[in-house]
Amino acid sequence: MPRTKVKTEAKPKRRRTLFHLEAPEAGEVFLVGDFNNWDVQKHPMKKEENGVWKKITLLLPGRYEYKFLVDGRWQNDSASDQLCVNCYGTQNNLIEVNPG
(Lines give C-alpha, C1' and ligand atoms only; values in the text may rest on other atoms or scores of the structure.)
Protein backbone atom coordinates (compact mmCIF):
# COMPACT_ATOMS: atom_id res chain seq x y z
CA MET A 1 0.00 0.00 0.00
CA PRO A 2 1.52 3.38 -0.97
CA ARG A 3 2.16 5.94 1.69
CA THR A 4 0.42 9.25 1.43
CA LYS A 5 1.93 12.42 2.71
CA VAL A 6 -0.17 14.26 5.22
CA LYS A 7 0.06 18.01 4.95
CA THR A 8 0.77 19.58 8.28
CA GLU A 9 0.13 23.23 8.94
CA ALA A 10 3.14 25.21 10.02
CA LYS A 11 2.94 26.40 13.58
CA PRO A 12 2.88 30.17 13.90
CA LYS A 13 6.26 31.57 14.85
CA ARG A 14 6.83 33.92 17.72
CA ARG A 15 7.75 37.41 16.55
CA ARG A 16 10.25 39.74 18.17
CA THR A 17 8.18 42.66 19.42
CA LEU A 18 9.79 45.83 20.75
CA PHE A 19 8.06 47.89 23.41
CA HIS A 20 9.50 51.25 24.45
CA LEU A 21 8.58 54.08 26.79
CA GLU A 22 10.18 57.46 27.28
CA ALA A 23 10.42 57.95 31.06
CA PRO A 24 13.82 59.41 31.95
CA GLU A 25 12.88 60.10 35.59
CA ALA A 26 11.54 56.58 36.28
CA GLY A 27 13.36 54.23 38.63
CA GLU A 28 11.78 51.02 37.32
CA VAL A 29 9.41 50.10 34.52
CA PHE A 30 7.64 46.80 33.82
CA LEU A 31 5.83 45.70 30.68
CA VAL A 32 2.55 44.09 31.71
CA GLY A 33 -0.17 42.57 29.53
CA ASP A 34 -2.38 39.65 28.71
CA PHE A 35 0.62 37.95 27.03
CA ASN A 36 2.18 37.51 30.50
CA ASN A 37 -1.06 37.11 32.49
CA TRP A 38 -0.67 40.67 33.82
CA ASP A 39 2.32 39.57 35.91
CA VAL A 40 3.79 42.83 37.21
CA GLN A 41 7.28 41.33 37.68
CA LYS A 42 7.71 39.13 34.60
CA HIS A 43 8.96 41.68 32.03
CA PRO A 44 11.21 44.32 33.59
CA MET A 45 12.32 46.90 31.05
CA LYS A 46 15.86 48.16 30.57
CA LYS A 47 16.67 51.87 30.67
CA GLU A 48 18.85 53.20 27.89
CA GLU A 49 21.18 56.19 28.32
CA ASN A 50 18.66 58.49 26.61
CA GLY A 51 15.94 57.78 29.21
CA VAL A 52 13.98 55.38 26.98
CA TRP A 53 12.99 52.06 28.51
CA LYS A 54 12.95 49.06 26.16
CA LYS A 55 11.86 45.43 26.22
CA ILE A 56 11.79 42.90 23.39
CA THR A 57 9.36 40.03 23.82
CA LEU A 58 8.62 37.01 21.65
CA LEU A 59 4.90 36.95 20.93
CA LEU A 60 2.75 34.69 18.80
CA PRO A 61 0.73 36.46 16.12
CA GLY A 62 -2.42 37.96 17.57
CA ARG A 63 -3.90 40.94 19.36
CA TYR A 64 -2.73 41.82 22.86
CA GLU A 65 -3.61 44.33 25.58
CA TYR A 66 -0.83 45.90 27.62
CA LYS A 67 0.24 48.75 29.92
CA PHE A 68 3.39 49.88 31.66
CA LEU A 69 3.91 49.87 35.41
CA VAL A 70 6.15 52.86 36.10
CA ASP A 71 7.41 53.18 39.67
CA GLY A 72 4.30 51.35 40.87
CA ARG A 73 1.81 53.41 38.83
CA TRP A 74 -0.06 52.25 35.71
CA GLN A 75 0.71 54.19 32.55
CA ASN A 76 -0.46 53.88 28.97
CA ASP A 77 1.87 53.87 25.98
CA SER A 78 1.78 57.46 24.69
CA ALA A 79 3.36 56.29 21.41
CA SER A 80 0.29 54.15 20.62
CA ASP A 81 -3.20 55.43 19.85
CA GLN A 82 -4.77 51.95 19.85
CA LEU A 83 -6.76 51.68 23.07
CA CYS A 84 -9.57 49.61 24.56
CA VAL A 85 -11.57 49.87 27.76
CA ASN A 86 -10.64 47.32 30.42
CA CYS A 87 -12.78 45.79 33.18
CA TYR A 88 -11.68 48.53 35.61
CA GLY A 89 -13.12 51.33 33.47
CA THR A 90 -9.70 52.59 32.40
CA GLN A 91 -7.91 51.94 29.13
CA ASN A 92 -5.28 49.48 27.97
CA ASN A 93 -3.13 49.79 24.89
CA LEU A 94 -3.52 47.31 22.04
CA ILE A 95 -0.85 45.81 19.84
CA GLU A 96 -1.35 43.56 16.83
CA VAL A 97 1.47 41.09 16.12
CA ASN A 98 1.40 40.01 12.49
CA PRO A 99 2.33 36.51 11.33
CA GLY A 100 5.14 37.62 9.11
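The values are calculated or read from the model by the stated rules, or taken from the named source; none is laboratory data. Because the structure is a prediction, the values reported are computed rather than measured. As a convention, Cβ positions derive from the backbone with ideal geometry for all residues, glycine included, and neighbour counts pool all protein chains shown. Note: accessible area is taken over every heavy atom of the protein model, side chains too, but ligands, DNA and RNA are not part of it. Shrake-Rupley method; radii C 1.70, N 1.55, O 1.52, S 1.80 Å.
Placing +1 on each Lys and Arg Cβ and -1 on each Asp and Glu Cβ, with no other charges, gives the chain a dipole about its Cα centre of roughly 980 debye.
Given the options T90, T17, T57, which has the most mean-square fluctuation in a GNM of the chain, springs set between C-alpha atoms less than 10 angstrom apart? Sorting by GNM fluctuation, first place goes to T90. Considering the options P24, V40, I56, tell which one lies farthest towards the positive end of the dipole of the chain, charges being +1 on Lys and Arg and -1 on Asp and Glu at the Cβ, about the Cα centre. My answer, from the dipole projection, is I56. Of the residues G51, G33, G89, the one that moves most in a GNM of the chain with alpha-carbon contacts below 10 Å is G89. Say a paramagnetic label sat at a point 7 Å from the Cα of Q75, along Cα to Cβ; which residues of segment 29-43 have their backbone N under 14 Å from it? Counting only backbone N, you get 29-32. Ranked from largest to smallest solvent-accessible area, with a 1.4 Å probe on the protein heavy atoms, W74, W38 come out as W74, W38. Among V70, V32, V85, which one moves the most in a GNM of the chain with springs linking Cα atoms closer than 10 Å? Highest fluctuation of the listed residues: V85. Cross-link check: pairs K11/K55; K11/K42; K47/K67 evaluated at a Cα-Cα cut-off of 22 Å; pairs beyond the cut-off: K11/K55; K11/K42.
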